[in-house]
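Here the structure comes first, spelled out in structure tokens, and everything after it is commentary.
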Amino acid sequence: MRIDIVTIFPEFFSVLDLSLLGRARQSGLIEIATHDLRDHTHDRHRTVDDTPYGGGAGMVMKPEPWGEALDGIVGDGASDALLVVPSPAGEPFTQAIARELAAEEHLVFACGRYEGIDQRVVDHYGERMRVRLVSLGDYVLNGGEVAVMAMIEAAGRLVPGVVGNPESSATSRSSAPVVCGPSCSRAEDGRGVRARRATGCTTREALFTSRKHAGVVCETRRA
């Protein structure tokens, strides 16, 4: 899998050198490149934003830097890559979407800032490649970087070979909402708390139903 990230804060994604995704990069399972949007500006201030057309509060990211950056990644013609744009107007991000992203050969993430990316960027590249607007949730972030990081982590761990034990991500491949009940480490006695066998992972509805009958996984043992 190849992942390209366009952002004004490329250093934000240095965390991708760590843990499972870091090892996946080193082994060649996932190729990740970050691109500084400001490298595609041509003024002394490296400006990437402008006031909204027609007036209004806030700033909007200009189409020219985005056009140069994306053309540099996918070329100036049609592309098989999927462009993912974090947006409050997008579809809610779910495990099912993570699984779909994990099946892609080439993902391009566009990290917006301010009041968002000029709509003409989405419209133009929508004629040349697939574009998907995705929302991480119903709350406000400073930019798209956090959302993109979450999507890459969720999708990346589903790429075959990234997680050492295939069973660890087996339930994560389900399209149903997956949750895990409380679990304990191997020691039977931990600081006065006696462990019971974990229920494992299941769907949210099934877990809540089982809790009504079985109670919690770990019980307290008093001296």
Given 20 °C, 1.002 mPa s and a Kirkwood radius over Cα pairs, the Stokes-Einstein diffusion coefficient of segment 1-134 in µm²/s is 135 µm²/s
Placing each pseudo-label 7 Å from Cα in the direction of the beta carbon, residue 26 and residue 183 end up separated by a distance in nanometres of 2.4 nm
Computed about the Cα centre, the charge dipole of segment 46-151 from +1 Lys/Arg and -1 Asp/Glu charges at the Cβ has a magnitude in debye, to the nearest 20, of 180 debye
Among trypsin sites (Lys or Arg not before Pro) in segment 1-103, those in a DSSP loop whose Cβ has at most 10 other Cβ atoms within 10 Å are 44
If each K or R counts +1 and each D or E counts -1, the residues other than residue 105 whose Cβ falls under 13 Å of its Cβ total -3
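FYI, it's all coordinate maths here, none of it is from the lab. Since this is a predicted model, take the numbers as computed values, not measurements. Backbone-built Cβ (ideal geometry, glycine too); neighbour counts: all protein chains shown.
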